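The values are calculated or read from the model by the stated rules, or taken from the named source; none is laboratory data. The structure presented is a predicted model; accordingly, all values stated were derived computationally and were not measured. A quick note on method: Cβ atoms are made from the backbone with ideal geometry, for glycine too, and the neighbour counts reach across all protein chains shown.
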Number of protein chains: 2
Amino acid sequence: MDWPAQVTVREVGPRDGLQAEARILSTEEKVRLIDALTEAGFGRIEVTSFVHPGAVPQLADAEAVLARIRRRPGVIYSALVPNRRGAERALACGVDEISLFVSASETHNRHNVRRSIAESLAGFVPVAELAAAAGVRLSGYVVTAFGCPYEGDVPEEQVERIVGAYRDLGVAAVYLGDTTGMANPAQVDRLCRLLKQRFPDLELGLHFHNTRGAALANVVAGLQAGITVYDGAVGGLGGCPYAPGATGNVATEDLVHMLHEMGIATGVDLDRLLAAARLAQELMGRELPGFVLKAGKRSDLVRSVQARQAAREAEG
Amino acid sequence: MDWPAQVTVREVGPRDGLQAEARILSTEEKVRLIDALTEAGFGRIEVTSFVHPGAVPQLADAEAVLARIRRRPGVIYSALVPNRRGAERALACGVDEISLFVSASETHNRHNVRRSIAESLAGFVPVAELAAAAGVRLSGYVVTAFGCPYEGDVPEEQVERIVGAYRDLGVAAVYLGDTTGMANPAQVDRLCRLLKQRFPDLELGLHFHNTRGAALANVVAGLQAGITVYDGAVGGLGGCPYAPGATGNVATEDLVHMLHEMGIATGVDLDRLLAAARLAQELMGRELPGFVLKAGKRSDLVRSVQARQAAREAEG
């Protein structure tokens, strides 16, 4: 198997993670977490959402968060945007990327935003115009791209159609969301190869939730299909309140740990990311599901065992 | 990517899982669990261990367990065996397979069995003779094949050397153990391809622990390298008390769920396996780490959501 030398890991915990947590963090707490993620070296962080505060009270302080985080030059700080009003708010805050979202299944889209897919896509046109006028990067999520909790299987042609609509809108990237952890590696391989062939110039990213434990397995399939952009949420924060049975995104530190062990560079400082994961755990006041957060890095295991042995031998 | 049409999943929870649990099940409880696993359709179940009862009190009732389980014809019921004495006990119980074990790292082997690797291998010769005389299948584990908590990286040549020693003993299969969850998919791919090329006629199996969340990712790499035998422990039971930082094997039902979703047959009835996992959870009296145990199958998610919707529409 051949592996890419480098991939981009997008940290989406401050948005996709926090929007699904019962506990609402203060603006101050969110800023601490995002600053810790910037310190960890991510090149892209999705920091908040400009959906209606009534729908997602967890992220009602989007403006305040964006005003107070310490932005490192070169890092792309993005925000989720549902419509023209959201785009105006986001642009007023100086976001670096606007991310649109629409479900690949009609039923999920209606449940999520009370619109048909066609209505969602039509509503994106003025957003794309605003982003273009402002010179701000535009991207789009395909939600439930690997299966819908209401409809079950989602036809690949439906995903392809939506990616095509995004391409026509002029997006720089499309992120395929496995919102309720329904993807499997064979499906990831098929869909990604199809889309890469159909849209060779479009950046494709993968966004897996770890609901059934297969998120990193799906990443392996994605790597083999040539995808080099992956999302994670620090600590494994979150889920999706609109999708029954959903659990959090794959923990970013588990993803980065696996990639580094494979010899794939991410530019992320894993120790600092683990510090951010411990901070996230402390802020949420509950144990987060990340594995490396509990077990430590592979290299730490060896070091701690060797230290214990040395201590024992010194005693003996 | 091409995938095998079918793979063999070995259930090792009654041995590798239970030996690492603090709570010791009664013989009656173990028999219930193993019978439930037989009902789930496994073709191979590792049921117990004939190591010294002082070393593993959890499995001190090996004879009683083997005497009382309901054996389905055709199923291979195997047991772990450390030496000649263990082999005699196992053969007296009519086991279908004897599994030897030696670590790929000297330090781990000394910690585990207080012998050098050479001493372990020499001790296997009379066991192999006993097994051959009895016409019983013989196999061998390479423990810490993907990394050692004491020594760190384990050279591939060292694993190759031990697999070669097993081959010379006449084993039918070698199981590569990732005892403390140190494997990564790139490494799995490299090592498996090397060993398959070197030992084309030997059955190779993979035994992953999910310590750092990458067990199913490693399975994907194994599938691509042509490996068709995988271990799991029902519910994600267990770990390894001799390996610091270890957690349980990958949950068998998570493995089977992923394989079935990929269109790969296992012969296992996933619903019955999930019933066995719930039984294991009840018997252990704690939440087990399996994902599908909590989230349910992908298909259940859709069905339960559709049922709730239908109920709501009927009300409305």
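Tabulated data for the structure shown
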quantity: Tally of residues being touching a Lys or Arg at 6+ places or on another chain (Cβ under 8 Å), of a type in the set (G, A, S) and within 18 Å of B:E203 (Cα to Cα) across the range B:131-172; calculated: 3
quantity: Residue identified as modelled with pLDDT of 95 or more and among the hydrophobic types (A, V, I, L, M, F, W, C) among A:V81, A:V56; calculated: A:V81
quantity: Members of the range B:17-56 that are of a type outside the set (A, V, I, L, M, F, W, C), within 14 Å of the chain's Cα centre (by Cα) and closer than 12 Å to B:A280 by Cβ; calculated: B:G17
quantity: Search result, residues across the range A:112-133 that are touching a strand residue (DSSP E or B) at 6+ places or on another chain (Cβ under 8 Å) and hydroxyl-bearing (S, T, Y); calculated: A:S120
quantity: Residue, surrounded by the most Cβ atoms within 10 Å (Cβ to Cβ), within the range B:118-143, restricted to residues that are part of a helix (DSSP H, G or I) and of a type outside the set (A, V, I, L, M); calculated: B:F124
quantity: Top-ranked residue of the range A:271-292 - restricted to ones that are touching a residue at least 60 places away in the same chain (Cβ under 8 Å), among the aliphatic types (A, V, I, L, M) and crowded, with 18+ Cβ neighbours inside 10 Å, ranked as farthest from the other protein chains (Cβ to nearest Cβ); calculated: A:L283
quantity: Conditions (1) within 12 Å of chain A (Cβ to nearest Cβ); (2) free of Cβ contacts under 8 Å to residues at least 60 places away in the same chain: number failed by B:L206; calculated: (1)
quantity: The range A:144-172, subset farther than 27 Å from A:P126 by Cβ and small (G, A, S), residue surrounded by the most Cβ atoms within 10 Å (Cβ to Cβ); calculated: A:G147
quantity: Where a residue in the range A:153-180 is under 16 Å from A:E119 (Cα atoms) and its partner, wherever it lies, is surrounded by fewer than 24 Cβ atoms within 10 Å (Cβ to Cβ) and among the aromatic types (F, W, Y), with Cβ under 7 Å and at least six apart; calculated: A:V163/A:F199
quantity: Test: residue in the range B:296-309 that is modelled with pLDDT of 95 or more, outside any loop (DSSP other than H, G, I, E, B) and of a type outside the set (F, W, Y); calculated: no
quantity: Some residue of the range B:198-215 being part of a helix (DSSP H, G or I) and farther than 28 Å from A:G232 by Cα; calculated: yes
quantity: Condition broken by B:N218, with the remaining ones in (1) more than 26 Å from B:E106 (Cβ to Cβ); (2) crowded, with 23+ Cβ neighbours inside 10 Å; (3) within 9 Å of another protein chain (Cβ to nearest Cβ); (4) touching a Pro at 6+ places or on another chain (Cβ under 8 Å) satisfied; calculated: (1)
quantity: Yes/no for A:D178 being of a type in the set (D, E), within 14 Å of chain B (Cβ to nearest Cβ), within 28 Å of B:G213 (Cα to Cα) and in contact with a strand residue (DSSP E or B) (Cβ under 8 Å, 6 or more places away or on another chain); calculated: yes
quantity: A:D231 more than 9 Å from every other protein chain (Cβ to nearest Cβ), free of Cβ contacts under 8 Å to residues at least 12 places away in the same chain and under 22 Å from A:Y175 (Cβ atoms); calculated: no
quantity: Some residue of the range A:87-96 being in contact with a Lys or Arg (Cβ under 7 Å, 6 or more places away or on another chain), surrounded by fewer than 16 Cβ atoms within 10 Å (Cβ to Cβ) and among the acidic types (D, E); calculated: no
quantity: The range A:293-316, residues that are of a type in the set (D, E, K, R) and either more than 12 Å from chain B (Cβ to nearest Cβ) or surrounded by fewer than 12 Cβ atoms within 10 Å (Cβ to Cβ) (or both); calculated: A:R312, A:E313, A:E315
quantity: Identity of the residue in the range A:250-270, among the acidic types (D, E) and either touching a Gly at 6+ places or on another chain (Cβ under 8 Å) or touching a residue at least 40 places away in the same chain (Cβ under 8 Å) (or both), that ends up farthest from the other protein chains (Cβ to nearest Cβ); calculated: A:D269
